[in-house]
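The values are calculated or read from the model by the stated rules, or taken from the named source; none is laboratory data. The model shown is predicted, which means the values in this text are computed figures rather than measured ones. As a convention, Cβ positions derive from the backbone with ideal geometry for all residues, glycine included, and neighbour counts pool all protein chains shown. Ligands, DNA and RNA are excluded from the accessible area calculation, which covers all protein heavy atoms including side chains. Shrake-Rupley method; radii C 1.70, N 1.55, O 1.52, S 1.80 Å.
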Amino acid sequence: MLQKIHHLGYAVEDLEAASRLYRERFGARLEEPEMVADQGVRAAMFRVGESRVELLEPTGPDTPVGRFLAKRGEGLHHVAFQVEDIEATLGELGRDGVELIDEEPRVGAGGTRMAFVHPRSMHGVLTELVERQD
Ligand code: CO
């Protein structure tokens, strides 16, 4: 079961410029940017109620977000849903033939356990599953 929208991931060209926009215009309190080497991004998060926005700047053109920016430009990159048990969710999806980018959970921004599901199986939306923390 999807518990809530955990965060929205935005692909941006310039993390500092995007952070400034949300900080100065909308009073967002941005967390310290974090390098997620595994995904080739620098990420900065801010809370919006129960959810967050994750600003993603690629570390280079030859990364998933770098290729996304080259092809589509800045914009919404993925939607992340919170689930209770990520292994169980991935197991069920895999058995049902849903195309997974990550068969096993990995560690994402903020130390979360997460996995991506292919947009081909999600009506065009790159979907991230994040296991509930706490
Ligand atoms: Co994300």
task = Could you grab the relative contact order for the chain? Cα pairs under 8 Å, six or more apart, rounded to a whole percent.
result = 25 percent
Loop GluC sites (Glu not before Pro), the range 1-45 (other Cβ atoms within 10 Å of the site Cβ: 14 or fewer; DSSP) = Glu13
task = Rounded to the nearest 10 degrees, what's the angle between the helix 86-95 long axis and the longest principal axis of the chain, both from Cα atoms, 0 to 90?
result = 60 degrees
note = What one gets for the range 83-131 as the Kirkwood radius, inverse of mean 1/r over different Cα pairs in Å, is 10.7 Å
request  = Note the full-extension length gain between Phe26 and Lys4 as 0.36 nm times their separation in residues minus their Cα-Cα distance, in nm to one decimal.
outcome  = 5.7 nm
ask   = Where both residues lie in the chain, what percent of DSSP beta bridges are antiparallel, nearest 5?
value = 70 percent
request  = Take the Cα of Glu16, step 7 Å along the line toward its Cβ, and report every residue of the range 49-73 whose backbone nitrogen sits under 16 Å from that point.
outcome  = 57-59
With every protein chain in place, the range 1-88: carbon and sulfur % of accessible area (1.4 Å) = 51 percent
inquiry  = For the chain, what does the accessible surface come to per residue with a 1.4 Å probe? Please give it in Å².
reply    = 59 Å²
query = Expressed as cubic angstrom per residue, what is the convex hull volume of the alpha carbon set of the chain?
reply = 110 Å³
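Only sites in a loop by DSSP and with at most 13 other Cβ atoms within 10 Å count here; which GluC sites (Glu not before Pro) in the range 96-134 make the cut? Display every interim value, and only then the final one.
Details: sites: Glu99, Glu103, Glu128, Glu131; in loops: Glu99, Glu103.
For GluC sites (Glu not before Pro) across the range 96-134 that sit outside H, G, I, E and B with at most 13 neighbouring Cβ atoms in 10 Å, the list reads Glu99, Glu103.
Calculate the dipole size of the chain relative to its Cα centre from +1 charges on Lys and Arg beta carbons and -1 charges on Asp and Glu beta carbons; express the result in debye to the nearest 20.
500 debye
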